[in-house]
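Working notes, beginning with the structure itself.
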Amino acid sequence: MHSTLSFYGKSGKRVFDLFLTFLILIIFLPVFSVLSILVYFVFGRPIFFRQQRPGLLGTPFCMYKFRTMTNERDGDGTLLPDDQRLTSFGKFLRSTSLDELPELLNVFKGEMSLVGPRPLLMEYLPLYSAEQFRRHEVKPGITGWAQVNGRNAIISWEDKFKFDVWYVWIISRSGLI
């Protein structure tokens, strides 16, 4: 990491994230509102799915998404498997990435950035190699280099980690972190 950061590295990326997030929220407010109402009528409350994810330096934060699954349970009260709870509406939200619109709230709160490695599950943290853990040297993002280069079409986790670590390496070499 560099000891002296550029203006962009100190505060510019955050200002840029806030500015763009504000614009996106204004533009997508009607979509956000309609989706909130639809999610409420299809799934009920809560409208948002919340889950702890690792953020900067692996610190947990609560990530928001629109719900895409029901809370259906079997006779013992155990949640049914995910594939049985995912509705066609939920599949549509996921395939269009509209379920991720609430992550803009995480960007607004400063827990995420618009661009950075996608936050994975907390349970994966102990499985990372030291090199793979480098993805946590920056804030996680709504989109990242791995998504731009194939999203779910990337075959291996190793490839995803390589893209994430490359992104961290590039911005660290440029003095942005």
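Annotations for the structure displayed:
- Within the stretch 43-55, the only residue that satisfies the criterion of being surrounded by 14 or more Cβ atoms within 10 Å (Cβ to Cβ) and modelled with pLDDT under 95 is PHE43.
- Count of the stretch 43-98 residues, restricted to those that are more than 30 Å from ARG135 (Cα to Cα), among the β-branched types (Val, Ile, Thr) and free of Cβ contacts under 8 Å to residues at least 24 places away in the same chain, is 1.
- Filtered residues of the stretch 59-104 (kept if at positive phi and either at pLDDT 95 or above or surrounded by 13 or more Cβ atoms within 10 Å (Cβ to Cβ) (or both)): SER97
- Subset of the stretch 124-156 (residues that are more than 22 Å from THR96 (Cα to Cα), in a helix (DSSP H, G or I), open to solvent by 50 Å² or more (accessible area, probe 1.4 Å) and not acidic (Asp, Glu)): TYR124, PRO126, LEU127, ALA130, PHE133, ARG134
- Some residue of the stretch 147-156 being touching a residue at least 40 places away in the same chain (Cβ under 8 Å) and under 24 Å from PRO60 (Cβ atoms): no
- The set of residues from the stretch 114-123 being part of a loop (DSSP other than H, G, I, E, B) and surrounded by 14 or more Cβ atoms within 10 Å (Cβ to Cβ) comprises GLY116, PRO117, ARG118, PRO119, LEU120.
- Given (1) in a helix (DSSP H, G or I); (2) surrounded by 18 or more Cβ atoms within 10 Å (Cβ to Cβ); (3) acidic (Asp, Glu), number of the condition GLU111 does not satisfy: (1)
The values are calculated or read from the model by the stated rules, or taken from the named source; none is laboratory data. If you're wondering where the values come from, they're calculated on a predicted model, not measured in any experiment. With ideal geometry, Cβ positions are generated from the backbone for all residues, glycine too; neighbour counts draw on all protein chains shown. With ligands, DNA and RNA removed, areas are computed over all heavy atoms of the protein, side chains included. Shrake-Rupley method; radii C 1.70, N 1.55, O 1.52, S 1.80 Å.
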